[in-house]
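Peer 1: Below you'll find the structure I mean.
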Amino acid sequence: MTRRAARRRAGWGAAALVCILGLSYTAAVPQAVSAAWTDRELAVATVASTGVVAPTKNGCSIVLGLSVTYSWINPTTGAPRTGYVLEILRQGVVQASTTISAGATSASTSGLLSTLLGGVIYDVRVRAVSSSWSSPAVTGTFSTTLAGLITGCTW
């Protein structure tokens, strides 16, 4: 047997011994393994989402030139409401507001403003509310004469 053949046999023998000892060691002792899934996990679900629905405008009327009553139709869909908020604004700033019960279909500006400024157009907003949620506002206006009497309303 040549020297080269002897070295080759010794090398194969050493490799076989390492494999045998190495496999028996790893088979006896648990080893940490990294594993990962590469396929996508898909699920299907049905979700019902709703919000607070705004009331539908139903007209406005002037009472003796001193107040305006705004009427609406309660929504039949959406999240249950706990009431309505009516706000009166002048030049974009809230001047007065009040909370109205959930079953109400109208609200009056009577008593909300101590004095009406003459020759001014006031904006009115009504929103349905439910806990911390609110609907988009429905808006209207009312205008006053120079004497401070209400002469017109829109809704």
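Peer 1: Could you work out which residue, out of Thr115, Thr38, Thr50, moves most in a Gaussian network model of the chain, that is, has the largest mean-square fluctuation with Cα springs under 10 Å?
Peer 2: For the chain, modelled as a Gaussian network with Cα springs under 10 Å, the answer is Thr38.
Peer 1: Still on this structure: State the percentage of accessible surface on the range 69-155 attributable to carbon and sulfur atoms; use a 1.4 Å probe and exclude ligands, DNA and RNA.
Peer 2: The nonpolar share, carbon plus sulfur, comes to 53 percent.
Peer 1: Roughly what angle does helix 3-28 make with the longest principal axis of the chain, taking Cα atoms, 0 to 90 degrees, to the nearest 10?
Peer 2: 40 degrees
Peer 1: Would you calculate a helix-derived [θ] at 222 nm for the chain, using -39,500 (n - 2.57) for each DSSP H run of n ≥ 4 and dividing by the full residue count, to the nearest 500?
Peer 2: It comes out at -6000 deg cm²/dmol, rounded to the nearest 500.
Peer 1: Could you do me a favour and compute the accessible area per residue for the chain, 1.4 Å probe, result in Å²?
Peer 2: Heavy-atom accessible area per residue stands at 69 Å².
Peer 1: Using the Cα centre as the reference, give the magnitude of the dipole from point charges on the C-beta atoms of the chain (Lys, Arg: +1; Asp, Glu: -1; all else neutral), rounded to the nearest 20 debye.
Peer 2: 1500 debye
Peer 1: Which parts of the range 39-80 would a label at Ala104 reach, counting a residue when its backbone N lies under 14 Å from a point 7 Å out along Cα-to-Cβ?
Peer 2: In the range 39-80, the label zone of Ala104 (backbone N under 14 Å from the point 7 Å along Cα→Cβ) covers 55, 68-74.
Peer 1: All other residues with a Cβ under 15 Å from the Cβ of Asp123 taken together, and with Lys, Arg as +1 and Asp, Glu as -1, what is their net charge?
Peer 2: Computed value for this residue: +3.
Peer 1: Quick one, which of (1) 51; (2) 35; (3) 31 is the actual percent of Cα pairs over 29 Å apart calculated for this model?
Peer 2: (1)
The values are calculated or read from the model by the stated rules, or taken from the named source; none is laboratory data. What you see is a predicted model, and the numbers here were worked out from it, not measured in a lab. Cβ coordinates were reconstructed from backbone atoms using ideal geometry, including for glycine residues, and neighbour counts include every protein chain displayed. Surface accessibility is based on the protein's heavy atoms, side chains included, excluding ligands, DNA and RNA. Shrake-Rupley method; radii C 1.70, N 1.55, O 1.52, S 1.80 Å.
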